[in-house]
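Encoded as structure tokens, the structure appears first; notes follow it.
The values are calculated or read from the model by the stated rules, or taken from the named source; none is laboratory data. Worth saying up front: this structure is predicted, and the values here are computed from it rather than measured. Backbone-built Cβ (ideal geometry, glycine too); neighbour counts: all protein chains shown.
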């Protein structure tokens, strides 16, 4: 058993004979930039597509748009007229939550990646 353990230790040591493909700094930088750009575009595209679907349905259903606007206007009034609602204020908008959940039902595949 000790001989097996010694062989394992010997095999585990790096002898410097391992060939690793060498990449230049420019190649590494290009690969990093392309991957970051891909992740950015993929995230932006799915979010913008999802918001476009929501905006489309609001435009096609003006009664829903009006009710949502009333809820948002009421939240702005409660916020002292400040249009910049914080996280907690947005969390207290039940109709807005319903609109987004309905969108998720209508366009499940787009929401799944969004």
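Points to keep in mind about this one:
- Among the residues of the stretch 14-47, those identified as surrounded by 11 or more Cβ atoms within 10 Å (Cβ to Cβ) and modelled with pLDDT under 75 are 42, 43, 45, 46, 47.
To keep it simple, each residue is scored yes or no on (1) exposed (fewer than 11 other Cβ atoms within 10 Å of the Cβ); (2) touching a strand residue (DSSP E or B) at 6+ places or on another chain (Cβ under 6 Å); (3) assigned to a loop (DSSP other than H, G, I, E, B); (4) without any contact (Cβ under 8 Å) to a residue 24 or more places away in the chain.
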{"position": "63", "(1), (2), (3), (4)": "yes, no, no, yes"}
{"position": "69", "(1), (2), (3), (4)": "no, no, no, yes"}
{"position": "77", "(1), (2), (3), (4)": "yes, no, no, yes"}
{"position": "84", "(1), (2), (3), (4)": "yes, no, yes, yes"}
{"position": "97", "(1), (2), (3), (4)": "no, no, no, yes"}
{"position": "100", "(1), (2), (3), (4)": "no, no, no, no"}
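- Hey, residue 9 surrounded by 10 or more Cβ atoms within 10 Å (Cβ to Cβ), at pLDDT below 90, farther than 23 Å from residue 107 by Cβ and out of contact with any helix residue (DSSP H, G or I) (no Cβ under 8 Å at 6 or more places or on another chain) or not: no
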